Amino acid sequence: MYVLQCAGGYPIPLTSGGDAYEVRKEIMGVCATATSTAAASQLTLIDDYGKVKTDENIDVTLVDLKGVANVDGNISVMFPEPVKTRKGIAVSAATNLVQGSILVYCR
């Protein structure tokens, strides 16, 4: 398990996948740091296959993390089983999070 990284070795929070060489990812966990612990924080990631929708025309939510004010400095989750994506992920909501602190662990 590793943090998704670019060719330079820096962590990348998001990816839209590639057409020829990279089709699917398995997400093992997600972690993000709150900007201020005095306010609530939220991170919502959706499956991004050119705006994948279900039959009811609703976004396919992969993870929805919420942090409580004055309690959580970091919000994170490690899944017991990998979550498979179709082609990549996109952020639907990012509230009160440090820019660049969203880490997606995948294999």
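What about Ala34, is it among the small types (Gly, Ala, Ser), touching a strand residue (DSSP E or B) at 6+ places or on another chain (Cβ under 7 Å) and either closer than 17 Å to Gly88 by Cα or at pLDDT 85 or above (or both)? So Ala34 fits the description; yes. Considered as a group, the residues in segment 60-86 that are part of a strand (DSSP E or B), of a type outside the set (A, V, I, L, M, F, W, C) and over 23 Å from Gln99 (Cβ atoms) include one that is modelled with the lowest pLDDT, and that residue is Lys84. For segment 60-75, the set of residues classified as of a type outside the set (S, T, N, Q), without any contact (Cβ under 8 Å) to a residue 40 or more places away in the chain and farther than 13 Å from Ala94 by Cα consists of Val60, Leu62, Val68, Ala69, Val71, Asp72, listed by residue number.
I'd like to verify a number: residues in segment 87-102 that are part of a strand (DSSP E or B) and surrounded by fewer than 19 Cβ atoms within 10 Å (Cβ to Cβ), how many?
Qualifying residue count, segment 87-102: 6.
Looking across segment 38-59 at every residue that is buried (at least 17 other Cβ atoms within 10 Å of the Cβ) and β-branched (Val, Ile, Thr), the one that is modelled with the highest pLDDT is identified as Thr44.
The values are calculated or read from the model by the stated rules, or taken from the named source; none is laboratory data. This structure is a prediction, so every number in the text was calculated from the model and none was measured. Virtual Cβ from ideal backbone geometry, glycine too; neighbours counted across all protein chains shown.
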